[in-house]
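S.K.: Dropping the structure in here first, questions after.
The values are calculated or read from the model by the stated rules, or taken from the named source; none is laboratory data. Nothing here was measured: the structure is a model prediction, and the numbers come from that model. Using ideal geometry, Cβ is built from the backbone for each residue, glycine included, and neighbour counts are taken over all protein chains shown. Remember, those area values only see protein heavy atoms, side chains included, never the ligands or the DNA or RNA. Shrake-Rupley method; radii C 1.70, N 1.55, O 1.52, S 1.80 Å.
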Amino acid sequence: MTMESWQKSTALILAVMVLTYAVVGAVMGYVLTFWWSDSGWLYGMAIFLVIALILASYSYNIPVDGIVKSFGGRRASLSEESRLYGIVRGLADRAGTPMPAVYVLDEPFPNAFALGRTPDKALVAATRPLLDMLDDDELEGVMAHELSHIIHRDTIVNGTARTNARFLTVSAIVMGAIGAFAMALLGAGSGKSSGGAGGIIFLIMCVILIPVMVVCLVMCLALPSASAIMRYGVSRSREYGADEGSARLTGKPMSLASALMKLEQGCSVQTNTFRDSSSANLWIVNPFGKFRKRFINSLMDTHPSTADRIRRLEELEREING
């Protein structure tokens, strides 16, 4: 994937995020104000777009030290981790990008990730089991994958998608609460509608509240799906691109393919205690391993299947090395 196509992909993802916020804001503004303001949808859209800007700023400036420390991260020096440090330095020199900070993580499963909003403020991290499991070519493929994420600003895109997905989930809860409140009002009104003025008031309540209930129900069901698609779909697409970036940087696509197989197997052992689903999209392979069924993975997994990734790497092997 060229830098130009990567930039177009990033622009499309961000445009979809903005459009999603605009639609959700317009619907919520309409639901909350349609009986007294014709412009409620416009106000809601404006408010949600402002929220989108605030969340984007937060995602861009979020400190990465806390994330690394939560996984028992320890910054590695050349003297302490000469193998890992030397491979990362060689890749950074080859790619013409600043040398990222290097961390070793105190986690029991083999995996790696990258963080940082710009290449000069980035880091790559690998767990100790990963270092023990992979040979030099495989480790180079994994680190080149993480370096590709940094070069193409995937860390920002994934962080923004993760933050926005959480906000959309909260919005779904709010819509559900509004719908439940409208239903309660209707229930209370039906008990008092014994004809005359009470019946007219109840009829007016139905005209106002039933559309609110329907819209809230639809949004309550749709927003979690939009949240999942935003969070998981973005992550999967960037993994394919980083795999290609690694293959072209090292010239050894099958070394990365071999590493991916080993890492998936290592994360699939029964002793794996990883449970933090909110950070699953950080890692190069799914930290949960292969425990979930394939039909669930196809929609909700943070990563494309390892088999699909290897198939693409085999195609790159034929292209690069004949």
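S.K.: Exactly one condition in (1) buried (at least 19 other Cβ atoms within 10 Å of the Cβ); (2) at pLDDT below 80; (3) not in a helix (DSSP H, G or I) is false for Val285; which is it?
M.R.: Every condition holds for Val285 apart from (2).
S.K.: List the number of the failed condition for Tyr85; all other conditions in (1) in contact with a helix residue (DSSP H, G or I) (Cβ under 6 Å, 6 or more places away or on another chain); (2) farther than 23 Å from Gly289 by Cβ; (3) of a type in the set (Phe, Trp, Tyr) hold.
M.R.: Just one mismatch for Tyr85, condition (1).
S.K.: Moving on to the next point. If Leu131 satisfies all but one of (1) surrounded by fewer than 19 Cβ atoms within 10 Å (Cβ to Cβ); (2) touching a His at 6+ places or on another chain (Cβ under 8 Å); (3) among the hydrophobic types (A, V, I, L, M, F, W, C), what's the number of the condition it fails?
M.R.: All conditions are met except number (2).
S.K.: Could you tell me how many of the residues in segment 119-134 are more than 13 Å from Tyr103 (Cα to Cα) and either free of Cβ contacts under 8 Å to residues at least 40 places away in the same chain or part of a helix (DSSP H, G or I) (or both)? I'd like the intermediate steps shown before the answer.
M.R.: Keep residues of segment 119-134 that are more than 13 Å from Tyr103 (Cα to Cα), which gives 119-121, 129, 132-134.
If we keep only those that are either free of Cβ contacts under 8 Å to residues at least 40 places away in the same chain or part of a helix (DSSP H, G or I) (or both) as well, we get 119-121, 129, 132-133.
Total meeting the criteria: 6.
S.K.: So Ile229 clears everything in (1) open to solvent by 50 Å² or more (accessible area, probe 1.4 Å); (2) modelled with pLDDT of 70 or more except one condition, right? Which one?
M.R.: Here Ile229 meets the rest and fails (2).
S.K.: Looking at Arg248, Arg166, which one is over 18 Å from Thr20 (Cβ atoms) and either exposed (fewer than 15 other Cβ atoms within 10 Å of the Cβ) or modelled with pLDDT of 70 or more (or both)?
M.R.: Every option except Arg248 fails the conditions.
S.K.: Return the total of residues in segment 60-117 being closer than 14 Å to Leu282 by Cβ and surrounded by 13 or more Cβ atoms within 10 Å (Cβ to Cβ).
M.R.: Looking only at that region, the number is 16.
S.K.: For segment 78-114, enumerate the residues that are within 17 Å of Leu263 (Cβ to Cβ) and assigned to a helix (DSSP H, G or I).
M.R.: Leu84, Ile87
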